[in-house]
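For reference, the structure is listed below as structure tokens.
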Amino acid sequence: MAREEFSTRTGFSANDLDRQSERRDDEAYIAALKADREARTFVVSGDNILLERDSDGHRSLFTFGETRLMGPARETVFLGHDGVGGIFATLLADAQQDLGPSREQLSQIYRNEEQPGAQAMTDLRSIVMQGLVSERIAGRLAEAKSLLYWHSRHRFCANCGAPTEVAASGWRRECTSCGAQHFPRTDPVVIMLAVEGERCLLGRQPRFPVGMYSALAGFVEAGETLEDAVRREIREEAGIATGRVTYLASQPWPFPCSLMIGCLALARTTELTIDRTELEDARWFSRAEALALVERTHGELFCPPKMAIAHQLIAAWARGEVA
Ligand SMILES: [Zn+2]
């Protein structure tokens, strides 16, 4: 690649499946892929993903024969082809938000059951933060989790209230009564650095870990450009007026089905008026301080981990890769 895309630095960006979207309506083709011995599926229950210890890490792809032992499936969706076989995702029928062990229980399970073959359900955030699967698998899991979340929340027609059925191998739902078609959603979120000369603006939400500062962020609203959403969020949350907005990178964010869109915005004012319902604090950081946040040398303060697009935005600006 002549010039590296910034998006490739973010977690969940390494999904290399051939989605074969033009073949999703070809039921015979998808059925044959599914019946093939090379077919594999992720197994999802609510927010949790099934992992199995193997000799050199964790296995997250299973044969359909293996999944049948785990209980009835509510939905099975086609994610794409990996060059060897079809890759699917299966949502177990008894999916509940609180099904599966907690993080503490999980680490206990792994401590007690180090041998290959031990299985546990864990949430995708923990899987990625602990590096339990490769970046490529993490990207596929993001696709699986967002898509299955959408299915679990769209079992009834938004138009008439009747039950809906899966179509297009999981990429559409159709109403059994009025015939309306419903498509999986991806919700755009802008996440941005306002920069003013040698300073950038970061904030912290009350729910953040103590000491963590990050880029401001917010959902894009109806009838709004990305640039306008960036300027609005910075003005609302920090009282800063901004001008030119530049797009840098995006990141699939499967919590539950967002696309983070990372931007830089040039600040026109510097005096902060913080919206205390959104932010506990916001402040300007010098380039040296921003670099220290990234490298975790800023005393008590730090920024989100490398997999997060916020980290990559802050790092790219602090290192002078973007202006
Ligand atoms: Zn309907």
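The values are calculated or read from the model by the stated rules, or taken from the named source; none is laboratory data. Model, not experiment: these values are computed from the prediction. Glycine also receives a Cβ, built like all others from the backbone with ideal geometry; neighbour counts cover every protein chain displayed. To get the accessible areas, we keep the full protein, side chains included, count just its heavy atoms, and leave off ligands, DNA and RNA. Shrake-Rupley method; radii C 1.70, N 1.55, O 1.52, S 1.80 Å.
Going by amide H atoms built from the backbone, whose H comes under 5 Å of the H on residue 43, apart from near neighbours?
Here the answer is 50, 90, since their amide H atoms fall under 5 Å of that of residue 43.
Say we join alpha carbon atoms closer than 10 Å with springs in a Gaussian network model of the chain; which of 244, 232, 283 then has the biggest fluctuation?
Per the Cα network of the chain with a 10 Å cutoff, 244 tops the list.
Residue 205 to residue 295: extension gain in nm, 0.36 nm per residue of separation minus the Cα-Cα distance?
Additional length available on full extension: 30.3 nm.
Once phi is turned into ³J(HN,Hα) by the Karplus curve 6.51 cos²θ - 1.76 cosθ + 1.60 with θ = phi - 60°, what whole-Hz value does each residue of the range 22-34 show in order, with x for glycine and proline?
Running phi through 6.51 cos²θ - 1.76 cosθ + 1.60 with θ = phi - 60° gives 6, 10, 5, 8, 8, 4, 5, 4, 5, 4, 5, 4, 5 Hz.
Kindly report the accessible area of the range 187-318 per residue (heavy atoms of protein chains, probe 1.4 Å, no ligands, DNA or RNA), in Å².
With all protein chains present, the range 187-318 gives 44 Å² per residue.
How large a share of the accessible area of the chain, in percent, is made up of carbon and sulfur atoms when the probe is 1.4 Å and the other protein chains stay in place? All intermediate terms of the calculation are to be shown ahead of the outcome.
Numbers: 7610 of 15860 Å².
Carbon with sulfur: 48 percent of the solvent-accessible area.
Could you pull the Rg and Dmax for the range 172-323, using just the Cα atoms, both in Å?
Over the range 172-323's Cα set, Rg and Dmax evaluate to 16.8, 61 Å.
What residues qualify as long-range amide H neighbours of residue 180, i.e. H under 5 Å apart, gap of 5 or more or another chain, H built at 1.01 Å from N?
The answer is 175.
Could I get the Rg over Rh figure for the range 6-153? Both from C-alpha atoms, Rh via Kirkwood, rounded to two places. Walk me through the numbers on the way to the answer.
Working: Rg = 15.0 Å, Rh = 15.8 Å.
Reported Rg/Rh (Cα atoms, Kirkwood Rh): 0.95.
Summing Lys, Arg as +1 and Asp, Glu as -1, what charge do residues with Cβ under 14 Å from the Cβ of residue 173 carry, residue 173 excluded?
Spelling it out: positives minus negatives among the neighbours equals +2.
Show me, for the range 261-275, the HN-Hα J-couplings you get by feeding each phi into the Karplus relation (A = 6.51, B = -1.76, C = 1.60, θ = phi - 60°), rounded to Hz, glycine and proline as x.
10, x, 9, 10, 10, 7, 6, 9, 10, 10, 7, 7, 10, 8, 7
At 7 Å along Cα-to-Cβ for each site, give me the label-to-label distance between residue 176 and residue 19 in nm.
Placing both labels 7 Å beyond Cα along the Cβ direction yields 2.8 nm.
Which one of 56, 281, 26 has the biggest mean-square fluctuation once the chain is modelled by GNM with Cα springs under 10 Å?
Of 56, 281, 26, the most mobile in the Gaussian network model is 56.
At 1.4 Å probe size, with every protein chain present, just tell me what the per residue accessible area of the range 6-153 comes to in Å². Walk me through the intermediate numbers first.
On the way: 7160 Å² over 148 residues.
Spelled out: the 1.4 Å probe surface of the range 6-153, per residue, equals 48 Å².
Tell me, in nm to one decimal, what length is gained between residue 322 and residue 275 on full extension, where the rule is 0.36 nm per residue of separation less the Cα-Cα distance?
Going from the current span to full extension adds 14.1 nm.
If you scale each eigenvalue of the Cα gyration tensor by 5 and take the root, what three semi-axes come out for the chain, rounded to whole angstrom and sorted largest first?
Taking √(5λ) for each Cα gyration eigenvalue gives 38, 24, 18 Å.
To the nearest 0.05, how large is the calculated FRET efficiency for residue 155 and residue 118 if R₀ is 30 Å and r is the Cβ-Cβ distance?
Plugging the Cβ-Cβ distance into 1/(1 + (r/R0)^6) gives 0.35.
State which stretch of the chain is the longest one without any exposed GluC sites (Glu not before Pro), exposure meaning a DSSP loop state and at most 15 other Cβ atoms within 10 Å.
After excluding every exposed loop site, the longest remaining stretch is 115-197.
Rounded to whole Hz and in sequence order, give me ³J(HN,Hα) for the range 181-192 from the Karplus expression 6.51 cos²θ - 1.76 cosθ + 1.60, θ = phi - 60°, writing x for Gly and Pro.
Karplus values, whole Hz, x for Gly and Pro: 9, 10, 10, x, 9, 10, 9, x, 10, 8, 9, 8.
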